[in-house]
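What follows is a set of notes on a single structure, which appears directly below.
The values are calculated or read from the model by the stated rules, or taken from the named source; none is laboratory data. If you're wondering where the values come from, they're calculated on a predicted model, not measured in any experiment. Glycine also receives a Cβ, built like all others from the backbone with ideal geometry; neighbour counts cover every protein chain displayed.
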Amino acid sequence: MKRLLALLSRSWNWISNPTNQNTLKFVGAGAAIVVAGVWKAFFSAHEPPSVAAHDCNVIGSTVNGTVNQNCHTINQAVREPNGLYQGDNRIGTVSSQHDIDDANMTITFRQVALISGFVESEVVYYQNLLLKCQNNSVSIRSDAMTGGSVSFPNFRCSIVGISPSEK
């Protein structure tokens, strides 16, 4: 224990010397510059390709079609501007009037007509928005929509994402 205290005392005396402090400042600044340069050189050389440069943040099925690994839309989907889709299936249409609540990340359609095939737990595509349409005031049952459509006023969905568009 005495050895440790003696070592600490000598170290403190050495660090307290103004000449040694100036040397330590110079060496520390130089070391910081070298480390920053090596860091930048290493990570610049090993950066993955920028996804933002391709305007692609989704790989798989999107509102515009299927996006492949190179961020190109293949199997271009033809969608009606007022259509609601799950995958490639149109599951309903909306009135052109809707309200977006940015604070709560929701969209409320004044009128929605759903057809059979709608699954509440799956993502719904509307234009370039990815939506979850659950827990609406009216229970949505696919067996009630067999052979036609069911209309819902004030149909609210949560906005869960934005699909990339081809530029």
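Pick from the range 135-167 the residues that are touching a strand residue (DSSP E or B) at 6+ places or on another chain (Cβ under 8 Å) and part of a loop (DSSP other than H, G, I, E, B): which of them is modelled with the lowest pLDDT?
Step one: of the range 135-167, the residues touching a strand residue (DSSP E or B) at 6+ places or on another chain (Cβ under 8 Å) are 136-138, 140, 144-145, 148-164, 166.
Of the ones still in play, those that are also part of a loop (DSSP other than H, G, I, E, B) are 136-138, 140, 148, 163-164, 166.
Details: Asn136: 58, Ser137: 51, Val138: 51, Ile140: 54, Gly148: 65, Ser163: 72, Pro164: 62, Glu166: 40.
Going through the qualifying residues, I end up with Glu166.
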Whichever residue in the range 1-60 is exposed (fewer than 10 other Cβ atoms within 10 Å of the Cβ) and of a type in the set (D, E, K, R) and, among such residues, is modelled with the highest pLDDT
Arg3
